[in-house]
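The structure appears right after this line, and notes come after that.
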Amino acid sequence: QVRLVESGGGLVQPGGSLRLSCAASGSIFSLNGMGWYRQAPGKQRELVAGITSDGSTSYADSVKGRFTISRDNAKNTVSLQMNSLKPDDTAVYYCHAAVVPVAGFYDMDYWGKGTLVTVSS
């Protein structure tokens, strides 16, 4: 069994910063792609940022230049540094990982339960 646990959400004023972290634990053989998604009220879940196992990154156009994704393969963690936050960034942020489990042959999608980020004055 694999678990992803997010931390770091909260309330921040426009222009402020937050750092989200996600730790993967359990029967993990290896982690392939990891990423952060978000879902705002009344909207579909969208990809915010992704990072491959070798460190290649991708970002949604709306967060380029403001958000930075990183990972620590030794600790099975992925983080999202969010700067210059805007009210439009308000959403529940979900951690995602493509996990190859112990005794598995291919990777499977796992999700965290989400952490709420609210950007408001």
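The values are calculated or read from the model by the stated rules, or taken from the named source; none is laboratory data. The shown structure was predicted, so the numbers you read here are calculated from the model rather than taken from an experiment. Here Cβ is always computed from backbone atoms with ideal geometry, including for glycine, and neighbour counts include all displayed protein chains. We work out accessible area using only protein heavy atoms, side chains counted, and drop any ligands, DNA or RNA first. Shrake-Rupley method; radii C 1.70, N 1.55, O 1.52, S 1.80 Å.
What the table shows:
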item	result
Odd one out for Gly26, checked against (1) farther than 19 Å from Trp111 by Cβ; (2) touching a Lys or Arg at 6+ places or on another chain (Cβ under 6 Å)	(1)
Meets criteria (within 21 Å of Ala23 (Cα to Cα), touching a helix residue (DSSP H, G or I) at 6+ places or on another chain (Cβ under 7 Å) and of a type outside the set (Gly, Ala, Ser)) for Val92	no
Filter pass, Leu11 being touching a residue at least 40 places away in the same chain (Cβ under 8 Å), open to solvent by 40 Å² or more (accessible area, probe 1.4 Å) and hydrophobic (A, V, I, L, M, F, W, C)	yes
Residue that is nearest to Thr118 (Cα to Cα) [pool: residues in the range 64-90 that are of a type in the set (A, V, I, L, M, F, W, C) and within 13 Å of the chain's Cα centre (by Cα)]	Met82
